[in-house]
Amino acid sequence: MKNRKILLSENEIPDKWYNILADMPNKPLPPLHPGTKEPIGPDALAPLFPEALIKQEVTTDKWIEIPDEVRDVYTLWRPTPLYRAFGLEKALDTPAKIYYKYEGASPSGSHKPNTAVAQAYYNKQEGVKRITTETGAGQWGSALSFACNLFDIECEVYMVRISYDQKPYRKIMMNTWGAKVMASPSDRTEAGRKILAETPDSTGSLGIAISEAIERAATRDDTKYALGSVLNHVKLHQTIIGQEAVVQMQKADAMPDIVIAPFGGGSNFAGLAFPFLRYNLEEGKSIRCIASEPSSCPKLTRGVFKYDFGDNVGMTPLLPMYTLGHNFVPAPIHAGGLRYHGAGVIVSQLLRDRLIEATAHDNLEVFEAGVLFARTEGIIPAPEATHGIATAIKEAERCKEEGVSKTILFNMCGHGNFDMKAYEDYFAGNIVKHELTQSDVDKLIAEIDTPDI
Ligand SMILES: *Cc1c(COP(=O)(O)O)cnc(C)c1O
């Protein structure tokens with residue numbers, strides 16, 4: 001028998017999260033106040049987040065204890081399996097060994113509950129009654145709905161219009177866990193009404209939905225806001241993925257040469273990659289960590305490293321990050337979770353310092369990769385996850401050309417069982433290559449009105 005699955009037992013669930021801030025040679029620059037453009041401290045976040053999460057946002061402690069209550073919920077689906085992709089390797093006829101960590105095993109079908117459960121727990125501890133959030137493809141909204149329900153907190157979700165229309169089942173999933181779901185832009189907020197007045201048929205964007213959810217939380221005392229990506233504490237919680245994967249790869253006697261993950265705001269990439277990067281930073285190993293983004297939203301490969309807003313309206317602090325500009329409205333590709341204009345500050349600083357790499361794939365290439373994966377490995381990947389698969393395939397093909405055997409690990413960060421519309425469009429030939437022109441990119445970047453870093 002082939003050793004296809006590398007499993008861990010419940011008592012091997014890590015009891016700490018890994019904070020890469022402790023090990024980074026250059027720490028990220030501080031956030032700036034959106035009006036005064038002066039550095040701001042963590043207390044500026046107090047209207048939006050519970051204290052415990054604000055502490056986690058800024059701490060440079062290397063290890064953060066995972067509360068027992070959170071680990072207890074994690075046992076519903078963790079540790080997640082890690083697979084050797086024998087079928088994919090055979091199809092590619094590659095000497096590379098390909099492994100993937102499967103985060104689609106969670107109740108909502110992606111890595112997102114790893115942080116949703118932690119965030120709901122800390123909000124509950126501090127007496128919060130309601131959490132607002134945005135969701136793109138619906139993955140984050142479903143994860144937070146699931147988590148809030150477990151901790152008896154109300155959940156209010158602003159869902160990007162295009163996904164709301166394309167993915168009705170994600171909405172029903174959230175309703176099943178008891179959440180309220182609004183299509184964004186909505187008429188419930190100032191931010192939403194402003195966009196609707198200018199563009200009545202707006203398909204929405206994550207940036208717009210974030211503005212709406214923040215506005216609701218900032219204007220109510222019993223309500224906080226939760227973000228499913230980008231922020232440091234979100235990345236921190238996701239490191240449970242990579243910590244498990246390190247142990248699993250050691251069990252398989254196969255520490256990877258290359259670690260790959262799809263990239264939206266950076267949380268599943270951080271989650272898988274940071275615990276491996278730790279070996280580079282601590283022991284001088286040279287594991288390549290590659291973030292994989294869509295060529296229609298190429299902030300890492302074609303954006304600029306600048307201070308920019310996290311949302312479209314300009315309510316959030318200015319963050320130092322790789323960005324396409326906060327006015328960027330991406331093409332309505334199916335990988336909704338990868339359509340955000342900026343990258344989290346930690347990942348941005350790591351890329352700036354060349355400690356990680358980035359690559360982009362076009363829309364057609366990723367569906368080809370996703371279908372090949374489904375036909376060889378069985379699991380139908382989320383459209384976001386297909387980006388990581390495409391990068392893994394490219395690296396495996398390079399191994400074949402060069403006649404070398406490398407060990408590749410990628411994050412299968414979610415299944416695509418609710419994304420049949422995307423696959424239907426692909427099979428009908430309706431998925432087309434889409435790339436930003438250089439003049440589009442130049443124009444967007446010129447609109448970022450902050451000093452150079
Ligand atoms: C949300 C999501 C992403 C993108 O977000 P990251 O923070 O970059 O991980 C990627 N894949 C899936 C399946 C998602 O749900």
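Sort out which residues of the range 129-151 are more than 16 Å from the ligand (Cβ to nearest atom) and either surrounded by fewer than 24 Cβ atoms within 10 Å (Cβ to Cβ) or of a type in the set (Gly, Ala, Ser) (or both), and write them in order of number.
Lys129, Arg130, Asn149, Leu150, Phe151
Here is a check on your reading of the model: is Met159 within 15 Å of the ligand (Cβ to nearest atom), touching a Lys or Arg at 6+ places or on another chain (Cβ under 9 Å), over 24 Å from Phe263 (Cβ atoms) and hydrophobic (A, V, I, L, M, F, W, C)?
For Met159, the condition - within 15 Å of the ligand (Cβ to nearest atom), touching a Lys or Arg at 6+ places or on another chain (Cβ under 9 Å), over 24 Å from Phe263 (Cβ atoms) and hydrophobic (A, V, I, L, M, F, W, C) - is not met.
Select the helices (runs of 4 or more DSSP H) contained entirely in the range 154-256, then report the ones holding at least 1 residues which are under 17 Å from Tyr340 (Cβ atoms).
In the range 154-256, 161-166, 190-198, 206-218, 232-251 are the helices (runs of 4 or more DSSP H) which contain 1 or more residues that are under 17 Å from Tyr340 (Cβ atoms).
Can you tell which of Val345, Val366 is surrounded by 18 or more Cβ atoms within 10 Å (Cβ to Cβ), at pLDDT 95 or above and closer than 30 Å to Ala22 by Cα? First the steps, then the outcome.
Working: Val366 fails: closer than 30 Å to Ala22 by Cα.
Within the list Val345, Val366, the selection yields Val345.
Can you confirm whether Glu397 is of a type outside the set (Ser, Thr, Tyr), over 16 Å from Ala273 (Cβ atoms), touching a helix residue (DSSP H, G or I) at 6+ places or on another chain (Cβ under 8 Å) and more than 16 Å from the ligand (Cβ to nearest atom)? It would help to see each step written out before you state the result.
Numbers: of a type outside the set (Ser, Thr, Tyr): yes; over 16 Å from Ala273 (Cβ atoms): yes; touching a helix residue (DSSP H, G or I) at 6+ places or on another chain (Cβ under 8 Å): yes; more than 16 Å from the ligand (Cβ to nearest atom): yes.
Against the criterion (of a type outside the set (Ser, Thr, Tyr), over 16 Å from Ala273 (Cβ atoms), touching a helix residue (DSSP H, G or I) at 6+ places or on another chain (Cβ under 8 Å) and more than 16 Å from the ligand (Cβ to nearest atom)), Glu397 qualifies.
Whether any residue in the range 272-285 is assigned to a loop (DSSP other than H, G, I, E, B), modelled with pLDDT of 95 or more and more than 16 Å from the ligand (Cβ to nearest atom) is what I want to check.
Yes: the range 272-285 contains one or more residues that are assigned to a loop (DSSP other than H, G, I, E, B), modelled with pLDDT of 95 or more and more than 16 Å from the ligand (Cβ to nearest atom).
Looking at (1) more than 12 Å from the ligand (Cβ to nearest atom); (2) surrounded by 23 or more Cβ atoms within 10 Å (Cβ to Cβ); (3) modelled with pLDDT under 95; (4) over 30 Å from His33 (Cα atoms), find the lone condition where Ile333 falls short.
(2)
If Thr75 passes every condition in (1) more than 23 Å from Ser405 (Cα to Cα); (2) within 16 Å of the ligand (Cβ to nearest atom) but one, which one does it miss?
Only one criterion in (1) more than 23 Å from Ser405 (Cα to Cα); (2) within 16 Å of the ligand (Cβ to nearest atom) is unmet by Thr75, namely (2).
Against the condition surrounded by fewer than 20 Cβ atoms within 10 Å (Cβ to Cβ) and either of a type outside the set (Lys, Arg) or over 28 Å from Asp440 (Cα atoms) (or both), how does Ile210 come out, does it pass?
no
Select from the range 309-330 the residues that are within 20 Å of Gly41 (Cβ to Cβ) and in a strand (DSSP E or B) and write down the one among them that is farthest from the ligand (Cβ to nearest atom).
So, considering only residues that are within 20 Å of Gly41 (Cβ to Cβ) and in a strand (DSSP E or B), the one farthest from the ligand (Cβ to nearest atom) is Leu318.
State which residue is surrounded by the most Cβ atoms within 10 Å (Cβ to Cβ) when the search covers only the range 268-282 and only residues that are touching a strand residue (DSSP E or B) at 6+ places or on another chain (Cβ under 7 Å) and within 16 Å of Trp63 (Cβ to Cβ).
If we filter the range 268-282 for residues that are touching a strand residue (DSSP E or B) at 6+ places or on another chain (Cβ under 7 Å), which is where we start, we get 268-269, 272-278.
Remaining after also requiring within 16 Å of Trp63 (Cβ to Cβ): 274-275, 277-278.
Details: Phe274: 29, Pro275: 24, Leu277: 23, Arg278: 21.
Looking at the filtered set, the residue picked out is Phe274.
Just name the residue that is farthest from the chain's Cα centre (by Cα) out of those in the range 390-425 that are under 27 Å from Lys167 (Cα atoms) and free of Cβ contacts under 8 Å to residues at least 60 places away in the same chain.
Within the range 390-425, the subset under 27 Å from Lys167 (Cα atoms) is 390-391, 410-425.
Now restrict to residues that are free of Cβ contacts under 8 Å to residues at least 60 places away in the same chain: 416, 420, 423-424.
Details: Gly416: 15, Met420: 21, Tyr423: 21, Glu424: 24 Å.
Restricting to residues being under 27 Å from Lys167 (Cα atoms) and free of Cβ contacts under 8 Å to residues at least 60 places away in the same chain, the top hit is Glu424.
Go through the range 421-453 and count every residue that is surrounded by 14 or more Cβ atoms within 10 Å (Cβ to Cβ), among the hydrophobic types (A, V, I, L, M, F, W, C) and assigned to a loop (DSSP other than H, G, I, E, B).
Going through the range 421-453 one residue at a time, the tally reaches 3.
The values are calculated or read from the model by the stated rules, or taken from the named source; none is laboratory data. All values reported here derive from a predicted model rather than from experimental measurement. Glycine also receives a Cβ, built like all others from the backbone with ideal geometry; neighbour counts cover every protein chain displayed.
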